[in-house]
Amino acid sequence: MSRLRSLLRVYSRLMKVHWAILLEYRGDTLFYMLGSFIYPLVTLAVWTAISAGGAVGGYDQRDFITYFLAVLFVGRLVASWDAWEIEQHLREGTLSNYLLRPSSYFHWRFSENIVYKLFYGTLMLIAWAVAWPFTDVVHISLDPIDLLTVLLAILLAALIRYMLFYAIALFGFWTTRMLALVTLFEALSQFFSGRIAPYSLLPDWVQTLQAYTPFYWILGFPVDLLTGKTHVPSLAYGFTVQLAWAVGLTALYLVLWKRGLKTYSAVGG
Amino acid sequence: MDNRIVVDQLTKHFRVHEREAGLGGAVRSLFKRTFRTVEAVTDISLTIEPGEIVGFLGPNGAGKTTTMKMLTGLLHPTRGTVNVGGYVPYEQRAAFKKRITLVMGQKSQLIWDIPAMETFLVNQAIYEIPEAQFRETVDELTDLLELAPLLRKPVRNLSLGERMKCELAASLLHRPDIIFLDEPTIGLDVNMQETVRQFIHAYNERFNATVLLTSHYMADVTALCKRVIIINHGTILFDGQLERLVNDLAPYKVAKLVLSEPVTASRLSEYGDIMHHVHPQVTIKVNRSDVSAQSARMLAELPVQDFTIEDPPMEDVISLAFARDSA
């Protein structure tokens, strides 16, 4: 119990620190966020052009707009960039600073991610609410059960994405080319997660692979729930697969971290 | 609680990947990787008693930092045993981390973009320092290191010396009783070096902390350490009292004279080896065993205007140790 209280104190302090850093760089943060919107907007433009002549695979123009707005929204909420930070800390040996202190490096990283997500989430919710009276493309089901379902799916998606890229980043303990691996996974993720097109428009073999790669569960699943077009046998099935990925990747992280520390040679200085 | 450091036959060998320069080398290394073993530290044994301040000296690449990293738990030893304050460092237990600190002059634990006070508060939470003790320690450190005007400024706006002072404070908030200092005065001006030295001395007295210090500035060592350990090529060359080091390695003292009229070198060399001779200044090495006799002779026989006799500079003594090692 006192350990939990102590951990909460650490998180509350770390989050205040990350908030202070975010404010120092508020301009950059905003630009990153706007920058991240470009890709879905361009993809959206392509699909609205394609669907101008009529619905494609069950999606008409309005559906595409709602879909890509949801991608933009969920995409920001599941984002993580720890691999780049971890790479830098490993390369420069600054990871040592964190290892010397009696609190896991993971808490430092994770608390940062939470702060940015709260920031992005608040901004986007405000934007969504402002847009509501003006256009019906942002209209989604406001049924409390639906909203809770979407929220849970987004939280699990964020956890899967976070642990996946954190675990990949830990390969940096063994190779200096870890970022190449990260880039490869990012590229696969673009295609398999539903960022380029709604899942039902992707080839059959992609849909068959759905449960065996983590990508759909990082983005496609919560987006489909948000837009009311799910492609899974049942909600329970969807959440079970999400949970399995989250648990599996967290276990992978724990193993890699423990082994990585043994090989860590605390480079530099 | 015991803050002794005991190290027995500690060894760290790295396997490093070697690559030829250029694109060809990069491609070849894709298929055939060649490895080389670097023996950073080999069979080091030492004991540091509670409350001791020990200087850990050696040229760059001698194995000082590798040893420090094994003592703080950042590196797993290849073989041998380490015990620091009753803990095995590489097990990285929280209780162990709360008792030690490592201050690196070239690396900062301070969070760059925000005031140092924020790092202090993070450390308060991480080290679970009770509020009252935290306030007291911060006040004390603020007093000793004159931090008051610095704590509210973003760290990136501090000068190197100011940052080092904040660094020391951040590293000692949890009142560790085993302290590792890796070049704590590097890049600091003379006044700031002196401040840091006095502070380390005061902290050691106050908490009976065990201190292991590396530095390239001999003034740090002579001011703080009674005992020094010299390491080169990963092995210990000397471990003992600073005085003994000087006596053993430099069995001479240095006589400095200012002459009122020129004297030939051949006449001066009667008293000892001439180290330096540009009229009117002369520096002569005099055998330790007959320092008083030779001094009396010089004063009586030479046109001496000014005369001092002192120990050789530490830098010279240390380089003698390295020279003896490679001979």
Problem set entry | Residue that is more than 10 Å from chain A (Cβ to nearest Cβ) and open to solvent by 10 Å² or more (accessible area, probe 1.4 Å), where the choices are B:MET104, B:MET117 | B:MET117
Problem set entry | Residue ID - nearest to A:LEU179 (Cα to Cα), chosen from residues in the stretch A:86-120 that are at the interface with chain B (Cβ under 8 Å from one of its Cβ atoms) and either polar (S, T, N, Q) or surrounded by fewer than 16 Cβ atoms within 10 Å (Cβ to Cβ) (or both) | A:THR94
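Listed here are the residues, each with its yes/no results for (1) among the acidic types (Asp, Glu); (2) modelled with pLDDT of 95 or more; (3) within 16 Å of A:VAL74 (Cα to Cα).
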{"position": "A:ALA131", "(1), (2), (3)": "no, no, no"}
{"position": "A:VAL138", "(1), (2), (3)": "no, no, yes"}
{"position": "A:ASP143", "(1), (2), (3)": "yes, no, no"}
{"position": "A:ARG161", "(1), (2), (3)": "no, yes, yes"}
Problem set entry | Tally of residues being of a type in the set (Val, Ile, Thr), touching a Leu at 6+ places or on another chain (Cβ under 9 Å) and either open to solvent by less than 10 Å² (accessible area, probe 1.4 Å) or free of Cβ contacts under 8 Å to residues at least 12 places away in the same chain (or both) across the stretch B:180-221 | 4
Exercise. When the stretch A:132-146 is examined, which residues are found to be part of a helix (DSSP H, G or I) and surrounded by 14 or more Cβ atoms within 10 Å (Cβ to Cβ)?
Worked result: A:VAL137, A:VAL138, A:ASP146
Exercise. With (1) in a loop (DSSP other than H, G, I, E, B); (2) on the phi < 0 side of the Ramachandran plot; (3) surrounded by 13 or more Cβ atoms within 10 Å (Cβ to Cβ) as the list, and B:GLY51 as the residue in question, which single condition is left unmet?
Worked result: (2)
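Quick one: in the stretch B:176-214, of everything that is part of a loop (DSSP other than H, G, I, E, B) and either among the aromatic types (Phe, Trp, Tyr) or within 14 Å of another protein chain (Cβ to nearest Cβ) (or both), which residue is nearest to B:LYS98 (Cα to Cα)?
Among residues in the stretch B:176-214 that are part of a loop (DSSP other than H, G, I, E, B) and either among the aromatic types (Phe, Trp, Tyr) or within 14 Å of another protein chain (Cβ to nearest Cβ) (or both), the one nearest to B:LYS98 (Cα to Cα) is B:PRO176.
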Problem set entry | Selection within the stretch B:120-152 - modelled with pLDDT of 95 or more, surrounded by 12 or more Cβ atoms within 10 Å (Cβ to Cβ) and either touching a strand residue (DSSP E or B) at 6+ places or on another chain (Cβ under 8 Å) or within 14 Å of another protein chain (Cβ to nearest Cβ) (or both) | B:PHE120, B:LEU121, B:VAL122, B:ASN123, B:GLN124, B:ALA125, B:ILE126, B:TYR127, B:GLU128, B:ILE129, B:PHE134
Exercise. Would you call B:GLN92 within 14 Å of another protein chain (Cβ to nearest Cβ) and touching a residue at least 24 places away in the same chain (Cβ under 8 Å)?
Worked result: no
Exercise. Could you say whether any residue in the stretch B:55-67 is under 21 Å from B:ASN208 (Cα atoms), in contact (Cβ under 8 Å) with a residue 40 or more places away in the chain, open to solvent by less than 50 Å² (accessible area, probe 1.4 Å) and under 17 Å from the mean Cα position of the chain (by Cα)?
Worked result: yes
Seminar exercise, completed: Among residues of the stretch A:162-194 being part of a helix (DSSP H, G or I) and aromatic (Phe, Trp, Tyr), the residue farthest from A:PRO214 (Cα to Cα) is A:PHE173
Problem set entry | Residue among B:LEU141, B:LEU110 that alone is closer than 21 Å to B:ILE179 by Cα, in contact (Cβ under 8 Å) with a residue 24 or more places away in the chain and outside any helix (DSSP H, G or I) | B:LEU110
For this session: From A:SER96, A:SER104, A:SER80, grab the single residue that is free of Cβ contacts under 8 Å to residues at least 24 places away in the same chain and touching a helix residue (DSSP H, G or I) at 6+ places or on another chain (Cβ under 9 Å).
Result: A:SER104
For this session: Taking the options B:VAL246, B:VAL258, name whichever one is assigned to a strand (DSSP E or B) and within 35 Å of the chain's Cα centre (by Cα).
Result: B:VAL258
For this session: Within the stretch B:269-327, work out how many residues are part of a helix (DSSP H, G or I), surrounded by 15 or more Cβ atoms within 10 Å (Cβ to Cβ) and among the small types (Gly, Ala, Ser).
Result: 2
For this session: May I ask you to say which residue of A:THR43, A:THR29, A:THR48 is surrounded by 15 or more Cβ atoms within 10 Å (Cβ to Cβ), more than 27 Å from A:MET163 (Cβ to Cβ) and in contact with a helix residue (DSSP H, G or I) (Cβ under 8 Å, 6 or more places away or on another chain)?
Result: A:THR48
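Could you list, in sequence order, the residues of the stretch B:155-173 that are touching a helix residue (DSSP H, G or I) at 6+ places or on another chain (Cβ under 8 Å) and open to solvent by less than 30 Å² (accessible area, probe 1.4 Å)?
If the condition is that a residue be touching a helix residue (DSSP H, G or I) at 6+ places or on another chain (Cβ under 8 Å) and open to solvent by less than 30 Å² (accessible area, probe 1.4 Å), then B:VAL155, B:LEU158, B:GLY161, B:MET164, B:LYS165, B:CYS166, B:LEU168, B:ALA169, B:ALA170, B:LEU172, B:LEU173 are the ones that fit.
Condition check ((1) within 18 Å of the chain's Cα centre (by Cα); (2) free of Cβ contacts under 8 Å to residues at least 40 places away in the same chain) across all residues:
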residue	(1), (2)
A:SER200	no, no
A:VAL206	no, yes
A:PHE215	yes, yes
A:GLY220	yes, yes
A:VAL223	yes, no
A:LEU235	no, no
A:VAL241	yes, yes
A:LEU249	yes, no
A:LYS262	no, yes
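The values are calculated or read from the model by the stated rules, or taken from the named source; none is laboratory data. Computed from a predicted model, the values in this text were never measured in an experiment. Neighbour counts are summed over all protein chains in view; Cβ atoms, including those assigned to glycine, are modelled from backbone coordinates with ideal geometry. Ligands, DNA and RNA are excluded from the accessible area calculation, which covers all protein heavy atoms including side chains. Shrake-Rupley method; radii C 1.70, N 1.55, O 1.52, S 1.80 Å.
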